[in-house]
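Report on one structure; see the data block that follows.
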Amino acid sequence: MQVNVIPVTPFEQNCSLLICPETKKAAIVDPGGDVDKILSQVKQHGVEVEKIFLTHGHMDHVGGTEALAAVLKVSIEGPHIADKFWLDQLPMQGQMFGFPEVPPFEPQRWLEHGDTITFGNQELAVLHTPGHTPGHVVFNHAETKQVIVGDVLFSGSIGRTDFPQGCFNTLMTAIKSQLWTLPEETVFFPGHGPTSTIGHEKRTNPHVR
Ligand SMILES: [Zn+2]
Ligand SMILES: [Zn+2]
């Protein structure tokens, strides 16, 4: 599986275009906005998008979802249902983050810990990692040792926990029980900033000791 990062929105959120090299099918994770930019990447790679996956309900990660789903005629999977309140509050989030207003929506499928998501010939495991938001999930592709982690973990930092229903201790538990147990060489793709590996963060991230 190839991961192509497309920074979107004024928050430089890392939308990911996941590509199955065998079938040229694709999936898009966290299309926060800049739908035209995402579509031009899809065209450039000559792939057919099958699904949209969401890690959590924050505007910078989901703002372009419905518009993109309508154009591509694909279904939306994720996040965990505990983030429903964030999706319900999208108009308010638009004001809070200074984004264009987006109506509330629901995915076709809420995800749970232990679920599998698929596109092309690729399978990713869903891990529930609450703390930044209660319904945050990450997507692990064990075969190529790549994991899409949204706003749980960053290179040298961790997700904010000062939002409604955020919790620092819960986030720490999620990082240690779900991410630190992955192979050290696993490359993670955070919602913002550069990629890193699980092993490097385990040794050097000052926020998780
Ligand atoms: Zn977030
Ligand atoms: Zn974010």
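The values are calculated or read from the model by the stated rules, or taken from the named source; none is laboratory data. Given the structure is predicted, the values throughout are model-derived calculations rather than measurements. Counting neighbours? That spans all protein chains shown, and the Cβs are built from the backbone with ideal geometry, glycine included. SASA here: full protein model, heavy atoms, side chains in, ligands and nucleic acids out. Shrake-Rupley method; radii C 1.70, N 1.55, O 1.52, S 1.80 Å.
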**OP:** Please enumerate the residues belonging to region 1-55 that are closer than 21 Å to residue 140 by Cα and among the aromatic types (Phe, Trp, Tyr).
**Re:** 53
Original post:
Which residues, taken from region 2-28, are assigned to a strand (DSSP E or B) and open to solvent by 10 Å² or more (accessible area, probe 1.4 Å)?
Top reply: 2, 3, 4, 5, 7, 14, 25
Subject >> Filter result (farther than 13 Å from residue 130 by Cβ, within 16 Å of ligand 2 (Cβ to nearest atom) and among the hydroxyl-bearing types (Ser, Thr, Tyr)) within region 142-196 >> reply: 155, 157, 195
Subject >> Residue that is farthest from residue 112 (Cα to Cα) [pool: residues in region 38-92 that are within 13 Å of ligand 1 (Cβ to nearest atom) and among the β-branched types (Val, Ile, Thr)] >> reply: 62
Subject >> Residue list for region 181-204, restricted to those being closer than 19 Å to residue 144 by Cβ, assigned to a loop (DSSP other than H, G, I, E, B) and touching a residue at least 12 places away in the same chain (Cβ under 8 Å) >> reply: 182, 183, 184, 185, 186, 194, 195
**OP:** Confirm whether residue 108 is touching a residue at least 12 places away in the same chain (Cβ under 8 Å), closer than 20 Å to residue 49 by Cα, open to solvent by 40 Å² or more (accessible area, probe 1.4 Å) and not small (Gly, Ala, Ser).
**Re:** yes
Original post:
Name the pairs: first residue in region 36-62 and touching a residue at least 60 places away in the same chain (Cβ under 8 Å), second residue open to solvent by 20 Å² or more (accessible area, probe 1.4 Å) and basic (Lys, Arg), Cβ to Cβ under 7 Å, at least 6 apart or on different chains?
Top reply: 50/25
Original post:
On the given criteria, is residue 184 charged (D, E, K, R), open to solvent by 10 Å² or more (accessible area, probe 1.4 Å) and in contact with a helix residue (DSSP H, G or I) (Cβ under 8 Å, 6 or more places away or on another chain)?
Top reply: yes
**OP:** Give the residue that is nearest to ligand 1 (Cβ to nearest atom), with candidates limited to residues of region 125-175 that are open to solvent by 30 Å² or more (accessible area, probe 1.4 Å) and hydroxyl-bearing (Ser, Thr, Tyr).
**Re:** 161
**OP:** Give me a count of the residues in region 46-86 that are away from ligand 2 (no atom under 14 Å from the Cβ), open to solvent by less than 20 Å² (accessible area, probe 1.4 Å) and touching a helix residue (DSSP H, G or I) at 6+ places or on another chain (Cβ under 7 Å).
**Re:** 4
